[in-house]
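Reading through the structure tokens given below for one structure.
The values are calculated or read from the model by the stated rules, or taken from the named source; none is laboratory data. Small disclaimer: the values here were computed from a predicted structure and weren't measured. Positions of Cβ are generated from backbone atoms using ideal geometry, with glycine treated the same way; all protein chains shown enter the neighbour counts. Heavy atoms of the whole protein, side chains included, go into the accessibility calculation; ligands, DNA and RNA do not. Shrake-Rupley method; radii C 1.70, N 1.55, O 1.52, S 1.80 Å.
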Amino acid sequence: MKYIFVTGGVVSSLGKGLAAASIGTLLEHRGLSVNLQKFDPYLNVDPGTMSPYQHGEVYVLDDGAETDLDLGHYERFTHCKLSQLNSLSSGQIFESVIQKERAGNYLGATVQFIPHVTDEIKSRLHQATERTPETDVIITEIGGTVGDIEGHLFLEALRQFALDVGPENVCFIHVTLLPMVKAAGEIKTKPTQQSVAKLREIGIQPDIIICRTEHDLDDDNRRKIAMFCNVRKENVVAFRDVKHTIYECPLDLRKDKIDRLVVDALGLESASPDLSRWQGFVDRLVHPSKSTSIAVVGKYIELNDAYKSIYESLTIAGAEHDTAIEVVKVDAEDIEKEGAETVIGKVNGILVPGGFGERGTEGKILAAKYAREKKIPYFGICLGMQIATIEFARNVCGLAGANSTEFQKNTPHPVISLQEEQQGVTDMGASMRLGSCESILYPGTKSYELYQRTNTIHERHRHRWEFNPAYRKQLENCGLIIAAVSKKEGLVEIIEFPDHPFFIAAQFHPEFKSKPNNPHPIFSGFVKASLEFP
Ligand code: GLN
């Protein structure tokens, strides 16, 4: 097994995750098997309890791990198999060290940052490696910026790890920023030099430096960075701002042959990559012949990262239909103030994503009502499905005041209620219904057709409330179609509305299962329906 460690310097938000994912893509295209993981230095055990404003989207894995959105990039850019082990935080490390100390596992030793905490980090690296022994290369991205106090122990652990497994098996890649000082008209390399110096202080010499830049990286600057940072000139790689889509990133990094540099550094045999299929996907994204506008009606709408996988899934489905997606980001509270017609009167499709808490829910209910009445394609995800159920109950079945007990405890018609196993749950961390579960699809439904007439599907979940089974018969009698239920508990998983070109809402999160050239079937059907909307 070979190891790539991706660190970041100068500033955050450099696209380290995309760089790591892109290297994964390129190595896979060279015929190598890759796995990716992220180390986050924060003290939360996982991002599940963090607000989207703090953290952006929580990306859920098959095994129910609540992880950083970079793992979404890893899954979309490669075929890696991710689990809880691929997402590590300082919180998990310290929790485990303290538990071991309380259990007496350290046999009377004074428990210290080095070696006990660093050993714990190294052992997690080994565990991830052991889980997928067929992997050729494991790529580990370290969150944060070199020089941060909280990231120091991770870097120290990596330094030790490289010694343990042999430096010939490890490639350190450092991602930095090359700012342009406009007044001088010059690209500046000093921040990169200083951040590499910081890394070397810890005892890590990067093998490759990836320089984020808005401009091209000329020979002089490459030479300068190479000399001051103690790497070969060829190992200074430009990572330019991509023009249209993040899926151009692997193609951009390939210009400086980063994949060859990596395999050379690691002594791996592999063929040159054939990127024609990936290039074809990018071409379809960049030059679509059609376009459609989709309203995403949410609560954290000003924050791009909060609905990352949804936007990516729409883009990917758009490419399949040769269609540019114009996402209209709508704050649900604006619909409450101005009415649906004013805010979303011109779109070809309405998507209500997942969410928590009452704020904005009445606006989302108005959006679902508008979609139902005007026969605009509607796609509800998790909360978006619960919203659609409430709307149908209130306005089609005449259940006045129907609601979810999440928003109104004493609603006269709790059509969405707390799942039985959730009653009495007090700890908020990792306690929702999480991860993949099997559901049965019913023939004769639109969803059944979209999933190519499969009877069984596996989709990922993250929720506490559910469609209240006590109301199932009553809503079905009003025409509501239940298209899928979970195999084990019989929980409602997909609803559809009758007499509507496309009204599908799922309790699960299909946005976590779209990949380039392989869009999720509901996303694909939704985009197609939006194109057909007059
Ligand atoms: N708040 C709702 C629940 O917990 C929906 C969750 C979601 O949309 N992810 O059931």
Spelling it out for His463: with amide H atoms placed in the peptide plane at 1.01 Å from N, the residues 5 or more places away or on another chain with amide H under 5 Å from its amide H are Arg433
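If you take the Cα Rg of the stretch 7-51 and divide it by 2.2 N^0.38 Å, with N the number of residues, what do you get? Mind showing how you got there, number by number?
Numbers: Rg = 13.6 Å, N = 45, 2.2 N^0.38 = 9.3 Å.
Compactness ratio reported: 1.46.
Evaluate Rg over Rh across the chain, taking Cα atoms for both radii and Kirkwood's formula for Rh.
Details: Rg = 24.7 Å, Rh = 24.8 Å.
Looking at the chain, the ratio lands at 1.00.
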Using a basic spin-label model with each label point 7 Å from the Cα along Cα→Cβ, how many nm lie between Lys337 and Arg200? 5.5 nm
How much area per residue is accessible in the stretch 271-339 when the probe is 1.4 Å and only protein heavy atoms are counted (Å²)? 43 Å²
Percent RCO, i.e. relative contact order, over the stretch 149-283, from Cα pairs under 8 Å lying at least 6 residues apart: 22 percent
Under 5 Å between amide hydrogens, which residues at least 5 positions from Val60 or on another chain qualify, with H placed 1.01 Å from N in the peptide plane? Thr67
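Give, rounded to the nearest 20 debye, the magnitude of the charge dipole that the stretch 1-110 has about its Cα centre when Lys and Arg contribute +1 at Cβ and Asp and Glu contribute -1 at Cβ.
Details: 8 positive and 12 negative charges, 86 e Å.
Taking the Cα centre of the stretch 1-110 as origin, the dipole is about 420 debye.
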Bins of 5 Å from zero: percent of alpha-carbon pairs in the stretch 283-364: 3, 15, 25, 22, 17, 10, 5, 2, 0
Quote the charge dipole size of the chain about the Cα centre in Debye, to the nearest 20; the model charges only the Cβ of Lys and Arg (+1) and of Asp and Glu (-1). 460 debye
Accessible carbon and sulfur surface of the stretch 34-146 relative to its total accessible area, %, 1.4 Å: 53 percent
For the stretch 285-300, Karplus couplings with θ = phi - 60° (6.51, -1.76, 1.60), whole Hz, Gly/Pro x: 5, 7, 10, x, 9, 10, 8, 8, 10, 10, 8, 9, 9, x, 10, 10
For the stretch 89-244, give me the percentage of DSSP beta bridges that are antiparallel, rounded to the nearest 5 percent. 15 percent
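Helix-only mean residue ellipticity at 222 nm, the chain, DSSP H runs n ≥ 4 weighted -39,500 (n - 2.57), per residue, nearest 500. What is it?
On the way: 19 runs with 193 residues, N = 534.
Calculated at 222 nm, the ellipticity per residue is -10500 deg cm²/dmol.
Per residue, how much accessible area does the stretch 73-182 have with a 1.4 Å probe, in Å²?
Numbers: 4930 Å² over 110 residues.
Accessible area per residue: 45 Å².
I need the per residue convex hull volume for the stretch 252-322, using only the alpha carbons, in cubic angstrom as a whole number.
136 Å³
Over all pairs of distinct alpha carbons, what does the Kirkwood formula give as the hydrodynamic radius of the stretch 293-333, in Å? Intermediate results must be reported in sequence, preceding the final value.
Working: mean 1/r = 0.0947 Å⁻¹.
Kirkwood radius, the stretch 293-333: 10.6 Å.
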Could you work out how far apart the two model spin labels at Gln99 and Glu326 are, taking each label as a point 7 Å from the Cα in the direction of the beta carbon, and quote it in nm? 5.2 nm
Debye calc, one equal point scatterer per Cα of the stretch 377-534, no solvent, log10 I(q)/I(0) at q = 0.09, 0.15, 0.16, 0.20 1/Å comes to -0.28, -0.80, -0.91, -1.36
Phi to ³J(HN,Hα) by Karplus 6.51 cos²θ - 1.76 cosθ + 1.60 over the stretch 507-516, Hz, x for Gly, Pro: 6, 8, 10, x, 5, 7, 10, 9, 9, x
Whether the stretch 33-103 is rounded, prolate or oblate, judged on the alpha carbon gyration tensor where a/c under 1.5 counts as rounded: oblate
List the residues whose amide H sits under 5 Å from the amide H of Ile139, counting only those 5 or more places along or on another chain, with H placed 1.01 Å from N in the peptide plane. Ile4, Asn35, Leu36, Gln37
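Hey, if we sort Arg222, Arg284 by accessible area with the 1.4 Å probe, largest down, what's the order? Show your work: numbers first, answer last.
Values: Arg222 30, Arg284 90 Å².
From most exposed to least exposed: Arg284, Arg222.
Please list 93-99, 106-112 highest first by mean number of surrounding beta-carbon atoms within 10 Å per residue.
Working: 93-99: 15.7, 106-112: 9.1.
Descending packing order for the listed peptides: 93-99, 106-112.
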Once the dipole of the stretch 317-409 is set up with Lys and Arg at +1 and Asp and Glu at -1 on Cβ about the Cα centre, which of Cys397, Gly355, Tyr370 lies farthest towards its positive end? Cys397
Given a 1.4 angstrom probe, I'd like the percentage of the accessible area of the stretch 195-314 that is carbon and sulfur, rounded to a whole number. 44 percent
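Sorting His458, His244, His126 by accessible area (1.4 Å probe), largest first, what list results? List each step's numbers first, then the result.
Values: His458 90, His244 120, His126 65 Å².
Correct descending sequence by accessible area is His244, His458, His126.
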For the stretch 115-163, the Cα-Cα pair-distance distribution in 10 Å bins from 0, as whole percents, is 23, 52, 22, 2
Accessible carbon and sulfur surface of the stretch 389-448 relative to its total accessible area, %, 1.4 Å: 50 percent
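Report, for the stretch 323-472, the % of DSSP beta bridges that are antiparallel, rounded to 5. Show your work: numbers first, answer last.
Values: 11 of 17 bridges.
Close to 65 percent.
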How large is ³J(HN,Hα), in whole Hz, for each residue of the stretch 247-252 in order, when computed from phi with the Karplus curve 6.51 cos²θ - 1.76 cosθ + 1.60 and θ = phi - 60°, using x for Gly and Pro? 6, 7, 4, x, 5, 5
As a test question: what accessible area, to the nearest 10 Å², does Ile494 have when a 1.4 Å probe is rolled over all protein chains in place? 0 Å²
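Taking the Cβ of Leu107 as the centre, find all other residues whose Cβ is under 11 Å away and add up their charges (Lys, Arg: +1; Asp, Glu: -1).
Values: positive: Lys100; negative: Glu101.
Spelling it out: positives minus negatives among the neighbours equals 0.
Please work out whether the stretch 418-495 counts as rounded, prolate or oblate from its C-alpha gyration tensor, where a ≥ b ≥ c are the square roots of the eigenvalues and a/c under 1.5 means rounded, while otherwise a/b larger than b/c means prolate and anything else oblate?
Oblate, because a/c is 1.5 or more while a/b does not exceed b/c.
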DSSP bridge pairs, the chain: antiparallel proportion in percent, nearest 5: 35 percent
Scanning the chain, every Cys lacking a C-beta partner under 4.7 angstrom -> Cys80, Cys171, Cys211, Cys229, Cys249, Cys382, Cys437
Tally Lys/Arg at +1 and Asp/Glu at -1 over every other residue whose Cβ is under 9 Å from the Cβ of Ile93; what's the total? -1
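Largest first, what is the accessible-area ranking of Cys229, Cys437 with a 1.4 Å probe? Before the final figure, lay out each step's value.
Working: Cys229 0, Cys437 30 Å².
The ranking, largest first, comes out as Cys437, Cys229.
Rolling a 1.4 angstrom probe over the protein heavy atoms, how many square angstrom per residue are accessible across the stretch 371-477? Walk me through the numbers on the way to the answer.
Values: 4700 Å² over 107 residues.
Result: 44 Å² of accessible area for each residue.
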Take Gln422 and Ala183, extend 7 Å from each Cα along the Cα→Cβ direction, and tell me the distance between the two endpoints in nm. 5.6 nm
How big is the accessible area of Phe239 in square angstrom, nearest 10, if you roll a 1.4 angstrom probe over the protein chains? 10 Å²
Largest-first semi-axes in Å of the equivalent ellipsoid built from the Cα gyration tensor of the stretch 104-209 are 32, 18, 11
